[in-house]
Amino acid sequence: MTITFRIDDGFDAREPGPAIITVHQLGSLRDLLAAQTVRLGSPLILPEYGDPSEADFSFDARVCPLALAMVSACFDHYPDAIAVLDEAQFRGRRVRVWRYGPTRDIHLSLSSNPDSAPELKVANCNAYALLETLGLEPDSVGVVPVTELRQRLTDPRIRQRLDDDPQLSRYVPTLVAMASL
């Protein structure tokens, strides 16, 4: 099991509402993102849980580095999908593609995650050690204000403890990048 650390900037991702897309459109989007990942050398699909071949899944997709026309072509220029994509690019957000529940519809919506924000996936034992070293509550789910993270990372005693631990020191550059956003 892992814990994922992400930036939460408080953005409300409810508008525009989700667009319902087809399996064909999902496949077209995944093909485009896979090809552009190779071209850009940076992952554009960020899995959350499950796989599209399963009943329930969710992933974020980075669409800001791509032309709106290129991405909207995956959805046959469907107006509801274009509204989501346009808002994502305007706001600098990822899009979220997900399916769960009894209807089995596939949804495309704005993500709560900024487009280029770093993420940090850490094994549970290291995540709890990292939270403890930072002096934070080791909850599985929670929000740490970025100002508090910055304060902890600039505290010389905490920083020294992080730097002295080879397991935790590898996470410091990503944490610093997250705190600087």
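The values are calculated or read from the model by the stated rules, or taken from the named source; none is laboratory data. As the structure is a prediction and not an experimental result, all values here were calculated from the model. Cβ placement follows ideal geometry from the backbone for every residue including glycine, while neighbour counts extend to all protein chains displayed. These area figures cover heavy atoms from the full protein model, side chains too; ligands, DNA and RNA do not enter into them. Shrake-Rupley method; radii C 1.70, N 1.55, O 1.52, S 1.80 Å.
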I'm checking my understanding of the structure. Among residues of the range 17-30 that are surrounded by fewer than 17 Cβ atoms within 10 Å (Cβ to Cβ) and either in contact (Cβ under 8 Å) with a residue 40 or more places away in the chain or not assigned by the TED database to the domain that holds Arg94 (or both), which one is farthest from Ala55 (Cα to Cα)? Gly17
For Leu33, state whether it is surrounded by 18 or more Cβ atoms within 10 Å (Cβ to Cβ), more than 15 Å from Val84 (Cα to Cα) and either at pLDDT below 90 or out of contact with any Phe, Trp or Tyr (no Cβ under 9 Å at 6 or more places or on another chain) (or both). yes
Matching residues, the range 55-92, being in contact (Cβ under 8 Å) with a residue 60 or more places away in the chain, open to solvent by less than 10 Å² (accessible area, probe 1.4 Å) and touching a Pro at 6+ places or on another chain (Cβ under 8 Å): Val84
Considering (1) in contact with a Cys (Cβ under 8 Å, 6 or more places away or on another chain); (2) open to solvent by 50 Å² or more (accessible area, probe 1.4 Å), say which one Ser112 fails and leave the rest. (1)
For Arg96, indicate whether it is open to solvent by 50 Å² or more (accessible area, probe 1.4 Å) and either closer than 17 Å to Asn113 by Cβ or assigned to a strand (DSSP E or B) (or both). yes
Complete set of residues in the range 119-155 that are touching a residue at least 12 places away in the same chain (Cβ under 8 Å), in a loop (DSSP other than H, G, I, E, B) and touching a Leu at 6+ places or on another chain (Cβ under 8 Å): Glu119, Leu134
How many residues are part of a loop (DSSP other than H, G, I, E, B) and within 14 Å of the chain's Cα centre (by Cα) if we restrict to the range 99-117? 3
